[in-house]
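So the structure is just underneath, and the comments pick up after that.
The values are calculated or read from the model by the stated rules, or taken from the named source; none is laboratory data. Here the structure is a predicted model, which is why all the values come from computation and not from measurement. Quick reminder, even Gly has a Cβ in these numbers, built from the backbone with ideal geometry, and neighbours come from all protein chains shown.
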Amino acid sequence: MNKIGVSTFILRFVLGISFFVHGLLKFQAGIGNIAGWFESIGIPGFAAYLVGTIELVGGIALILGIGTRLVSVLLGLILIGAIVKVKLAVGFVGAEMAGYELDLAFLAIALFLAVNGSKQWAMDTFVFNRSANE
């Protein structure tokens, strides 16, 4: 066990929990309502189902350490879309709604994980019989 592996695990775990909760809330709020909101801002409604599923399942995958790099790329694309389509207009901090500061931080974490992966306490490590220090 090394400090970088443990630190990377913390980033993976926090990003996973955060996106799992965001995805879960989309479905609990009524994914049809979210699809309607997507359409109101010029995004096809079916994208809400795709985004919600990626957030929910991807969050679980990150928590477990399954497909960390791929999931991180997908979440990064969602974050870029959210920043450009919704958050950029309200600014870094925002006034009436949250700005893009948290999205930017999550994007940095997702990009870090996409580039570096995270093998510490990851199911991928056990499944593929790899050392967490590789």
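Return yes when A108 is in a helix (DSSP H, G or I), over 20 Å from V14 (Cα atoms) and modelled with pLDDT of 95 or more and no when it is not.
The answer is no for A108.
Checking K119 against (1) surrounded by 19 or more Cβ atoms within 10 Å (Cβ to Cβ); (2) assigned to a helix (DSSP H, G or I); (3) basic (K, R): exactly one of these is not met. Which one?
All conditions are met except number (2).
Search segment 13-36 for residues that are under 19 Å from D103 (Cβ atoms) and pair each with any residue that is basic (K, R) and assigned to a helix (DSSP H, G or I) when their beta-carbon atoms are under 9 Å apart and the residues are at least 6 apart or on different chains.
That search, which allows pairs on different chains as well, returns I34/K26.
Please determine, by comparing only the residues of segment 77-126 that are within 12 Å of the chain's Cα centre (by Cα) and β-branched (V, I, T), which one is nearest to V51 (Cα to Cα).
The selected residue is I78.
One residue is enough: does segment 45-53 have a residue meeting the conditions exposed (fewer than 14 other Cβ atoms within 10 Å of the Cβ) and farther than 30 Å from V127 by Cβ?
Checking segment 45-53: at least one residue is exposed (fewer than 14 other Cβ atoms within 10 Å of the Cβ) and farther than 30 Å from V127 by Cβ.
What are the residues in segment 48-91 that are among the hydrophobic types (A, V, I, L, M, F, W, C) and modelled with pLDDT under 95, if any?
Scanning segment 48-91 gives V86, L88, A89, V90.
Checking the structure you have, find out if any residue of segment 24-34 is modelled with pLDDT of 95 or more, part of a helix (DSSP H, G or I), exposed (fewer than 13 other Cβ atoms within 10 Å of the Cβ) and among the polar types (S, T, N, Q).
Looking through segment 24-34, at least one residue is modelled with pLDDT of 95 or more, part of a helix (DSSP H, G or I), exposed (fewer than 13 other Cβ atoms within 10 Å of the Cβ) and among the polar types (S, T, N, Q).
From the list G94, G65, which residue is crowded, with 16+ Cβ neighbours inside 10 Å, out of contact with any strand residue (DSSP E or B) (no Cβ under 7 Å at 6 or more places or on another chain) and on the phi > 0 side of the Ramachandran plot?
Every option except G65 fails the conditions.
Please state which one of A89, A114 is surrounded by fewer than 20 Cβ atoms within 10 Å (Cβ to Cβ), touching a residue at least 24 places away in the same chain (Cβ under 8 Å) and more than 19 Å from V21 (Cα to Cα). Break it down stepwise before answering.
Working: A89 fails: touching a residue at least 24 places away in the same chain (Cβ under 8 Å).
Criteria check complete, one pass: A114.
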